[in-house]
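The values are calculated or read from the model by the stated rules, or taken from the named source; none is laboratory data. Fair warning: this is a prediction, and the values are worked out from it, not measured in the lab. Note: ideal-geometry Cβ built from the backbone for every residue, glycine included; neighbour counts use all protein chains shown. Calculation scope for accessible area: heavy atoms of the full protein, side chains included, ligands and nucleic acids excluded. Shrake-Rupley method; radii C 1.70, N 1.55, O 1.52, S 1.80 Å.
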Amino acid sequence: MILKNYSNTNNLKDSKILSSKKRIEIFEQLKKKSIIGIGFSSIEEIEKYNILQATFLSMKRAINTLKEIPDLLLIDGNMVPPKIKIKSLPIIKGDKLISEISAASIVAKVVRDAHMEILDSKYPGYNLKNNAGYGVRSHLHALKKLGVTPIHRRTFKPIHNILCEEN
C-alpha cells in the first residue's frame, strides 16, 4: 500500500473499528488515489506451511503486485517476512498508529469480506459472509450439521475434531 495521492489520512483507522460501509467508502477512495498490492494464500499453502508462513507468502505476493516499489515496508506486527529485499520495519499495533498500515488493513478487510461473500454463495448454510474469521457458534454448528467443505483447514483444531468425530 502506497498512499500516493490520498490526503484524507484522518479517515484511516484500524479496520476493525470502522463500519463495513465506511471501510468500503475508504477502499474506493484508496483505489483511485493509492497504489495497492493484493496477495492471497491458498488453503493448501496454509495447511502446508502454517498460518504465519502463509501470511508472509501473501505479503510477498502483495508486494510483487505493486506498480511501484517502496523504499521502506511498514509491517503490522512484530515480525518481517523472511527474504524480503526491501528495507522493512515491523510495528506492533501498526494498524492503530500508521496511516499506511491502517489503509492496508482496510483494503485487506474489504477484499477478504468480498471473498467471503463469494464463498457464502458457493457454500450456503455456513453464514460465511458474516464470519469475521473467528470460530463462532453458528458456524461450528453448521459444520457439524452440513459437514466440512474444501475451504476449511483440516489442521484447524475444531475442524480436525469434527473430522475425527465423523470417523
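Are there any pairs with C-beta distances below 7 angstrom linking a residue in the stretch 11-23 that is without any contact (Cβ under 8 Å) to a residue 24 or more places away in the chain to a residue that is in a helix (DSSP H, G or I) and surrounded by 12 or more Cβ atoms within 10 Å (Cβ to Cβ), with the two at least 6 apart or on different chains, and if so which?
N11/I26
Exactly one of (1) open to solvent by 40 Å² or more (accessible area, probe 1.4 Å); (2) at pLDDT 90 or above; (3) farther than 24 Å from D76 by Cβ; (4) not basic (K, R) is unmet by L97. Its number?
Result: L97 passes all but (3).
Would you be able to say whether some residue in the stretch 137-154 is over 27 Å from K48 (Cβ atoms), free of Cβ contacts under 8 Å to residues at least 60 places away in the same chain, small (G, A, S) and open to solvent by 30 Å² or more (accessible area, probe 1.4 Å)?
Yes; the residues of the stretch 137-154 include at least one that is over 27 Å from K48 (Cβ atoms), free of Cβ contacts under 8 Å to residues at least 60 places away in the same chain, small (G, A, S) and open to solvent by 30 Å² or more (accessible area, probe 1.4 Å).
Among N10, N64, N5, which is open to solvent by 70 Å² or more (accessible area, probe 1.4 Å), in a loop (DSSP other than H, G, I, E, B) and over 18 Å from R112 (Cβ atoms)?
Answer to the selection: N5.
Identify the residue in the stretch 13-47 that is charged (D, E, K, R), assigned to a helix (DSSP H, G or I) and open to solvent by 70 Å² or more (accessible area, probe 1.4 Å) and, among all such residues, is modelled with the lowest pLDDT. Please lay out each step first, then the result.
As a first pass, look at the stretch 13-47 and keep what is charged (D, E, K, R): 13-14, 16, 21-23, 25, 28, 31-33, 44-45, 47.
Then keep just the ones that are assigned to a helix (DSSP H, G or I); that gives 16, 21-23, 25, 28, 31-33, 44-45, 47.
In the following step, the residues that additionally are open to solvent by 70 Å² or more (accessible area, probe 1.4 Å) were identified as 16, 21, 25, 28, 31-33, 44.
Details: K16: 87, K21: 95, E25: 96, E28: 96, K31: 94, K32: 94, K33: 93, E44: 94.
Once the filter is applied, the top-ranked residue is K16.
Can you tell me which residue within the stretch 81-94, out of those that are closer than 21 Å to I51 by Cα and part of a loop (DSSP other than H, G, I, E, B), is most open to solvent (accessible area, probe 1.4 Å)?
Per the stated criteria, the residue is K83.
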